[in-house]
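Q: Structure provided below as structure tokens; questions to follow.
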Amino acid sequence: MAEDNRAAYLPELAMAVDTHANCLAEARRRGETLAAAEWAVAMREELIETNRTTHLPDLALSLQTAAHVRQNLGVELDAALEYCDRAIGYYRELSEAEPNAFSDDLATVEALRQTLIEQRDEPA
């Protein structure tokens, strides 16, 4: 359906893929998890090209999900930090317009970023 009518169905598909990525991460299915998280980010990036205002919160969430699944799996922590940095930038932008709506999301991704730094810097 998303192939036939991207505007109508791509947002829902991206949300479903985000949820699926989290489930795959919990099941420790690394390759599938990373692919799903990347796919969700790509879909959200496509969506903000058509309507940034509507889809920016979802892109920030997908970036946060992509970072979280990497943290959960303990892989590609530098990439996870990059996703966090992007999500933080977007959440800050969103918080300027609506502080009450996005301050918790911003705090969550900032905490995830700090956890990733600590996890990355732990001795092997």
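Q: What's the extension gain from Cys23 to Thr54 if we count 0.36 nm per residue and subtract their Cα-Cα distance?
A: Details: separation 31, 0.36 × 31 = 11.16 nm, distance 2.57 nm.
Taking 0.36 nm per residue and subtracting the Cα distance, the gain is 8.6 nm.
Q: Here's a follow-up. Above 15 angstrom, tally the Cα pairs of region 30-89 and express them as a % of all pairs, no decimals.
A: Roughly 44 percent, rounded to a whole number.
Q: Let me ask something else. Restricting to Cα pairs below 8 Å that are 6+ residues apart, what does the relative contact order work out to for the chain? Please round to a whole percent.
A: Across the chain, relative contact order equals 19 percent.
Q: Keeping all protein chains in place, calculate the accessible area per residue for the chain (probe 1.4 angstrom), answer in Å².
A: Heavy-atom accessible area per residue stands at 57 Å².
Q: Continuing with this model, one more query. Just one of [x] 0.99; [y] 1.01; [z] 0.92 is Rg/Rh (Cα atoms, Kirkwood Rh) as worked out from the coordinates here. Which one is it?
A: Among [x] 0.99; [y] 1.01; [z] 0.92, the one calculated here is [x].
Q: For q values of 0.12, 0.14, 0.16 Å⁻¹, compute log₁₀ I(q)/I(0) with the Debye formula on a Cα-only model of region 62-124, without solvent.
A: -0.28, -0.37, -0.47
Q: In whole percent, how big is the carbon plus sulfur part of the accessible area of region 3-94, probe 1.4 Å, protein atoms only?
A: 50
The values are calculated or read from the model by the stated rules, or taken from the named source; none is laboratory data. Source: prediction; values computed, not measured. Ligands, DNA and RNA are excluded from the accessible area calculation, which covers all protein heavy atoms including side chains. Shrake-Rupley method; radii C 1.70, N 1.55, O 1.52, S 1.80 Å.
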